[in-house]
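A.B. asks: Okay, here's the structure, questions in a sec.
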Amino acid sequence: MNENQNALPDPSPIPAPPGKVLIVGGAGYVGLPIVSELLSAGYGLTVLDSLLHGPEPLDFIANKPGLTIVHGDVRDISLVNATVKGHSAVILLAALVGEPACDRNPDAALEVNYLAALNLLETASRQGVSRFIFTSTDSCYGTREGEKLDEQSPLAPISLYAELKARAEERILSVSKNPSFSPTVLRLATVYGISPRPRFDLAVNLLVRDITLRGQAKIFSGEQWRPLVHVSDVAKAFRLTLEAPADLVDRQIFNVGSDEQNIQFKDLGDLLLKLRPDAHVTYEPAVPDLRDYFVKFSKIKQVLNFEPSLTILEGMAGIRDALESGFPADPYAPKWRNA
C-alpha cells in the first residue's frame, strides 16, 4: 500500500476531468441519490446495475436526460469491458451490502465485492479512465471502544463484508502509479435517510419506521458509538470527490461523515421521542458482534470542504415525513431489506 496515501495532500489547480461518469450499482439505496446529484450538476451518466432487489428503482431514473441505463452484472467481464469504454470516471457501488447479505452467500460476496472490483479497476485503468472511486465502509475499523479513528488507523474488520472491503481497498490503492489514473476510497459512515430505493434494515431508518408507524422502537444496548451520514450527504461527497483536483484525491482514503454525527445509540432514543413525543423507546441487552467505533472526519472537511447538509434529527424527520405520506407503500416488505 502506498505509504503516503493517507497524508493530507497540498492544494493544486488541476481541474477535475470532463466527460461521462459510469456508476456501477447506481440503482440502489446510495446509488440513486448520487445519480440525482450528478445529473443536477450537469454530468452525463451511465448506470450499470443488476437490479438485484427488483426493477422498481428504474422507475426513478428511467428517461432522465443525460442518463443511459445498462442492465447487467458487474461479474460479466465482457459487459464491463464494453460499458467502461468512453467514460472518464467510474464509481463502484455494486456490492452485496451488509453483514447478513454476505454471510448468507459468501461465495457471491467474494465474487462481487472483491474479484469484480479488481477486474473493474484493471479495466478502467487500461481503458484510460481518469477517476476511479471505490465505495468502502467505516465498519472496516471493527470494534474499537475508546479510540478515535482516522484514515491512518489500522483496520480490524469483524465481518466478511468489512474484510472484503478492506482487502479491495488495499489492492485499489496499491495499483501501479499512473499520472492519468486517480483511484480514491470513500469509507462511508453508517448511512441513513430516505432514498428512492429505501432500506429499512439500516439502524436509524428502521427505528424511525417503527416509532412512526407503531409508536414504539427498540434499541439494543445503546452504549455503542456509531458515526452516521445522511444518504444525500453521501451523494454530495461523491460529487466533491469527482470535482476535486486530481492530486487531492489520488490514492487517498476519506472517511465520509462528520464529527458532529458520531452518536451513541442511546441518544437516538431522545431524537426519536422528538419525532413522536407520545411514543415509547425501550432498551435491550446488546446482541453479538456489536460494532462500536468513533470516527474522525477532519480530512474530508479540510481537503474536500465537505460539510453535512442535514442534522440527524432533520434526516430522521425526512424519513418520518416520507412514511406518513405513504412512501414506500409497505415499509415492512422484505424487498426494502438487503438481506
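The values are calculated or read from the model by the stated rules, or taken from the named source; none is laboratory data. This structure is a prediction, so every number in the text was calculated from the model and none was measured. Note that we place each Cβ from the backbone using ideal geometry, even for glycine, and neighbour counts take in every protein chain shown.
A.B. asks: Select, from 319, 300, the only residue that is over 23 Å from residue 185 (Cα atoms), modelled with pLDDT of 95 or more and surrounded by 14 or more Cβ atoms within 10 Å (Cβ to Cβ). Write out each step before concluding.
C.D. replies: Values: 300 fails: over 23 Å from residue 185 (Cα atoms).
Result: 319 is the single residue among 319, 300 that is over 23 Å from residue 185 (Cα atoms), modelled with pLDDT of 95 or more and surrounded by 14 or more Cβ atoms within 10 Å (Cβ to Cβ).
A.B. asks: Tell me whether the stretch 243-266 contains one or more residues that are more than 21 Å from the chain's Cα centre (by Cα) and within 17 Å of residue 283 (Cα to Cα).
C.D. replies: Taking every residue of the stretch 243-266 in turn, at least one turns out to be more than 21 Å from the chain's Cα centre (by Cα) and within 17 Å of residue 283 (Cα to Cα).
A.B. asks: Please work out if residue 19 is at pLDDT below 85, in contact with a Gly (Cβ under 9 Å, 6 or more places away or on another chain) and more than 20 Å from residue 135 (Cα to Cα). Write out each step before concluding.
C.D. replies: Numbers: at pLDDT below 85: yes; in contact with a Gly (Cβ under 9 Å, 6 or more places away or on another chain): yes; more than 20 Å from residue 135 (Cα to Cα): yes.
Yes.
A.B. asks: Here's another thing I want to ask about it. Could you identify the single residue in 208, 204 that is closer than 28 Å to residue 304 by Cβ and buried (at least 21 other Cβ atoms within 10 Å of the Cβ)? Can you show your working first?
C.D. replies: Working: 208 fails: closer than 28 Å to residue 304 by Cβ.
After ruling out the rest, the residue left standing is 204.
A.B. asks: Can I ask one more? If you scan the stretch 301-320, which residues turn out to be closer than 22 Å to residue 264 by Cβ and hydrophobic (A, V, I, L, M, F, W, C)?
C.D. replies: 310, 312, 313, 316, 317, 319
A.B. asks: Taking only the stretch 115-138 into account, find how many residues are in contact with a Lys or Arg (Cβ under 6 Å, 6 or more places away or on another chain) and over 23 Å from residue 248 (Cα atoms).
C.D. replies: 1
A.B. asks: Checking the structure you have, find out if any residue of the stretch 305-322 is of a type in the set (A, V, I, L, M, F, W, C), without any contact (Cβ under 8 Å) to a residue 60 or more places away in the chain and touching a Leu at 6+ places or on another chain (Cβ under 8 Å). Walk me through it before giving the result.
C.D. replies: To start, the set of residues in the stretch 305-322 that are of a type in the set (A, V, I, L, M, F, W, C) comprises 306, 310, 312-313, 316-317, 319, 322.
Next, from what is left, pick out any that are without any contact (Cβ under 8 Å) to a residue 60 or more places away in the chain: 313, 317.
Now drop any that are not touching a Leu at 6+ places or on another chain (Cβ under 8 Å), which leaves 313, 317.
Yes, the stretch 305-322 contains a residue that is of a type in the set (A, V, I, L, M, F, W, C), without any contact (Cβ under 8 Å) to a residue 60 or more places away in the chain and touching a Leu at 6+ places or on another chain (Cβ under 8 Å).
A.B. asks: From 56, 37, which residue is touching a residue at least 40 places away in the same chain (Cβ under 8 Å), acidic (Asp, Glu) and either touching a strand residue (DSSP E or B) at 6+ places or on another chain (Cβ under 6 Å) or part of a loop (DSSP other than H, G, I, E, B) (or both)? Don't jump to the end; show me each part of the working.
C.D. replies: On the way: 37 fails: either touching a strand residue (DSSP E or B) at 6+ places or on another chain (Cβ under 6 Å) or part of a loop (DSSP other than H, G, I, E, B) (or both).
Exactly one of 56, 37 is touching a residue at least 40 places away in the same chain (Cβ under 8 Å), acidic (Asp, Glu) and either touching a strand residue (DSSP E or B) at 6+ places or on another chain (Cβ under 6 Å) or part of a loop (DSSP other than H, G, I, E, B) (or both), namely 56.
A.B. asks: Here is a follow-up. In the stretch 283-339, how many residues are of a type in the set (D, E, K, R), within 19 Å of residue 262 (Cβ to Cβ) and more than 19 Å from the chain's Cα centre (by Cα)? Quick ask: steps written out before the conclusion?
C.D. replies: Of the residues in the stretch 283-339, the ones of a type in the set (D, E, K, R) are 284, 289, 291-292, 296, 299, 301, 307, 314, 320-321, 324, 330, 335, 337.
Adding the requirement that they be within 19 Å of residue 262 (Cβ to Cβ) leaves 291-292, 296, 299, 301, 307, 314.
Now narrow it down to the ones that are more than 19 Å from the chain's Cα centre (by Cα): 314.
Counting residues in the stretch 283-339 that are of a type in the set (D, E, K, R), within 19 Å of residue 262 (Cβ to Cβ) and more than 19 Å from the chain's Cα centre (by Cα) gives 1.
A.B. asks: Which residue, of 151, 145, is touching a residue at least 12 places away in the same chain (Cβ under 8 Å) and over 19 Å from residue 185 (Cα atoms)?
C.D. replies: Values: 151 fails: over 19 Å from residue 185 (Cα atoms).
Residue meeting the stated conditions: 145.
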